[in-house]
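Working notes for the structure below.
The values are calculated or read from the model by the stated rules, or taken from the named source; none is laboratory data. Note that the coordinates shown come from a computational prediction; the quantities given were computed from them, not determined experimentally. As a convention, Cβ positions derive from the backbone with ideal geometry for all residues, glycine included, and neighbour counts pool all protein chains shown.
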Ligand code: ARG
C-alpha cells in the first residue's frame, strides 16, 4: 500500500533540545528539517528586526553542494547594505544544538546544521514514522495538507477495441504516481478510468462480430479479439459502403438505448475491463471507478447544451452548434454535430457535471497527453463560461510524446505485450551474467518486476512534457540511472540484515549510539533522508514525478558511496556496526517509500 498520513505523528522532537517558535505551515513532527529551518529563521529574524521569524523562514533554502541551508539576504528587501546585514547575523550567532555554524558569502549566509542533532532526529523520525505508526503503515514523507479534501484522478482511459498506445501507457504511469502523491498528502483519492467505450466504432464492431467474432476468443482475451474484429471489419467497410451504413444504423440503435443492440456491447466492455484489471494489477495500478464515455448521460449533455444556449454562448454553423472561444485563442468548439449525435467534447462537459454532482470533488485531475491540450482547455473553458464555480478545480496534467515503442515482433498494440516484452528483455539481460543469475530465486518473476520498473522509471525520469524515445536497452540496463539500478540498490541495502544476523535484533532506537556515525558519507545520507518530506511536497506542487526519481537516484548514489567505507560487516566495534546498520535500514525505508510513491514494488532480493 502507498503511504498516507495518520491523524497524529508518533514522533516528537527531543524535549532536551533548545525550544523553537512554531512557524505556521510547518510540521516538524513529520519533517524534522522544518525545525532546523525554524532555528535558522529565528537567528536571522532576531538579528534583523523588524523581520519576523515567519518572513525569515520563507528565505531559508537548501544550499548548493556541501552546504546544508542558505539564506539569500536581498530577498528580504531590508534597508541597509547586504554586508552590514550579514555582519549583524554573524555577530549575534551562537552555535547551539540546532545550528553549528554560519558563513558569510557575498549576498548569502550558509548555515551548517548540528551533526549530532541532525542524525539523531532524522533517523528517529524515519524510524518512528515507518515502524511505529498507529496504523502500522509506513508514513514517513507523508503530510496532512490535503486532509478532508477529495480528488478525482482520471488516467489511463484506453479505448476499447482500439490500440493501447504509448500515450495511454504514459497516462497510466504518471496517473498512478499522481494518485499516490495526493494520497501521501492526506487527500482522499478516487482513481478513475474513463474508457473510450462509445462511438460509431461500436456499430462497426457489432457488424464485424457477426462475421468474424468468436465467443471463445472473446472469453480468452477480449481486448485482443475485439481489436482483431475491428481491424477486419474496418477493411471491409473501406471497400463496401453498405457495411458502414449498417454500422451507423446499429450505433443509432445503441444510442437510442435499444437493449438488444446493447447486449453484446455490455459483454465486450465487461470482459475488456476484466482483462485490463489484471494487467493494471501487474503494474501495481488500481482503479476505484471504471467509467467511460458510454456512462455520460444524455440528460446531462442536453442540459449543458440548453444552458449554453440560454446563456447565449452557442453559435450555429451549417447545422452544427459551437461555442466561440476565439477570444481566448481556443478556436471554435463544436458541441453538437449536424446529425445531432453527441461528441467527445460534449461528453466530457456532461461527464464533469455529473462527476461534480456525484463526488463533490475539491479537485479533479485529467492525466492526458499534450496532444489533447486544446480539447481540455476548451472543455474547461466552456464549463467556466457556464459559471460552474467548481470549474476552477479542474486541472490537466499533460505529457509529451514517445517515439518508437515496439517489441521485437513489431509495433505494440496491447498493454500485455509491453508487460511481457519488459519481462523477457530483462530476463535475457539478467542471463548474460550467469554467476548472478544462478542465485536468483524466481528469475522470471524478478525479471518481470525489474522490467516494469525500467519502463516506469524511463517514463518518469524527465519532465513530463519532454518527448523521449523508447529504448529497451537503455531502460533495462543495470548501469547508469535506470529502474534496474534502483531495484538493485534497494536489494543490496535490504541484504544487510541477512548478511549480519549476529547484530540482530537491533536495540531500540534510544539505545543505538548515533554519535558513532561520524563519516561525512553517513551525514550526507541522513540529510537526504531528512529532505524526503520536502521532495513529496514539491512534487505535489509541480505534478512532476521526475523530482522523486532524481531523489531516489541521489539517495542510491549516496548509499553506494558510503557502502565501501562506512562498513557493517567487518566492523569490529559492535556498537558502531549497529549504528551503521540502523542508518542503512532507515535509508532502505526511505528509498522504498520513494519507490512505492512511484508505483514501484521495491524488491528485497534478486
Ligand atoms: N480515451 C481517450 C483517448 O484515448 C482519452 C480520454 C481522456 N480523458 C478525457 N476525459 N477526455 O484519446
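Annotations
- Output for region 460-495, where each listed residue is farther than 20 Å from residue 603 by Cβ and part of a loop (DSSP other than H, G, I, E, B): 462, 463, 464, 465, 466, 467, 470, 471
- Beta carbons closer than 6 Å, at least 6 apart along the sequence or on distinct chains, pair a first residue in region 367-380 that is assigned by TED's automatic domain parsing to the domain that holds residue 174 and closer than 14 Å to residue 464 by Cβ with a second that is more than 8 Å from the ligand (Cβ to nearest atom) and in a helix (DSSP H, G or I) for 367/174; 367/175.
This table checks each residue for (1) in contact with a strand residue (DSSP E or B) (Cβ under 7 Å, 6 or more places away or on another chain); (2) more than 21 Å from residue 125 (Cα to Cα); (3) in the same structural domain as residue 127 (by TED's automatic domain parsing); (4) without any contact (Cβ under 8 Å) to a residue 24 or more places away in the chain.
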| position | (1), (2), (3), (4) |
| --- | --- |
| 25 | no, no, no, yes |
| 39 | yes, no, yes, no |
| 47 | no, yes, yes, no |
| 79 | no, yes, yes, yes |
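- Checking 426, 430, 386 one by one, the residue that is within 25 Å of residue 154 (Cα to Cα) and either away from the ligand (no atom under 16 Å from the Cβ) or assigned by TED's automatic domain parsing to the domain that holds residue 192 (or both) is 386 and no other.
- Filter result for residue 220 (more than 16 Å from the ligand (Cβ to nearest atom), without any contact (Cβ under 8 Å) to a residue 40 or more places away in the chain and more than 28 Å from residue 245 (Cα to Cα)): yes
- The set of residues from region 549-606 being without any contact (Cβ under 8 Å) to a residue 40 or more places away in the chain, touching a helix residue (DSSP H, G or I) at 6+ places or on another chain (Cβ under 8 Å) and either within 22 Å of residue 440 (Cβ to Cβ) or not in a helix (DSSP H, G or I) (or both) comprises 567, 571.
- Taking (1) at pLDDT 95 or above; (2) within 15 Å of the ligand (Cβ to nearest atom) in turn, residue 202 satisfies each apart from (1).
- Condition check for residue 144: surrounded by 19 or more Cβ atoms within 10 Å (Cβ to Cβ) and out of contact with any helix residue (DSSP H, G or I) (no Cβ under 8 Å at 6 or more places or on another chain): no
- Residue among 417, 442 that is surrounded by fewer than 17 Cβ atoms within 10 Å (Cβ to Cβ), over 20 Å from residue 177 (Cα atoms) and away from the ligand (no atom under 16 Å from the Cβ): 442
- Checking residue 137 against (1) more than 24 Å from residue 371 (Cβ to Cβ); (2) assigned to a strand (DSSP E or B), the condition it does not meet: (2)
Okay, residues lined up against (1) loosely packed, with under 12 Cβ neighbours inside 10 Å; (2) more than 26 Å from residue 157 (Cβ to Cβ); (3) more than 42 Å from the chain's Cα centre (by Cα):
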{"residue": "237", "(1), (2), (3)": "no, no, no"}
{"residue": "241", "(1), (2), (3)": "yes, yes, yes"}
{"residue": "245", "(1), (2), (3)": "no, yes, yes"}
{"residue": "249", "(1), (2), (3)": "no, yes, yes"}
{"residue": "254", "(1), (2), (3)": "no, no, no"}
{"residue": "259", "(1), (2), (3)": "yes, yes, no"}
{"residue": "264", "(1), (2), (3)": "no, no, no"}
{"residue": "267", "(1), (2), (3)": "no, no, no"}
{"residue": "273", "(1), (2), (3)": "no, no, no"}
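- The residue that is nearest to the ligand (Cβ to nearest atom), among those in region 164-180 that are under 13 Å from residue 416 (Cα atoms) and in contact with a helix residue (DSSP H, G or I) (Cβ under 7 Å, 6 or more places away or on another chain), is 164.
- Residue within region 496-509 that is touching a strand residue (DSSP E or B) at 6+ places or on another chain (Cβ under 6 Å) and either assigned to a helix (DSSP H, G or I) or modelled with pLDDT under 95 (or both) present: no
- Residue 362 vs. criteria farther than 30 Å from residue 326 by Cβ, in the same structural domain as residue 185 (by TED's automatic domain parsing) and away from the ligand (no atom under 15 Å from the Cβ): yes
- Any hit, region 366-381, residues being within 29 Å of residue 460 (Cα to Cα), within 15 Å of the ligand (Cβ to nearest atom) and part of a loop (DSSP other than H, G, I, E, B): yes
- Any hit, region 184-194, residues being within 16 Å of the ligand (Cβ to nearest atom) and in contact with a helix residue (DSSP H, G or I) (Cβ under 6 Å, 6 or more places away or on another chain): yes
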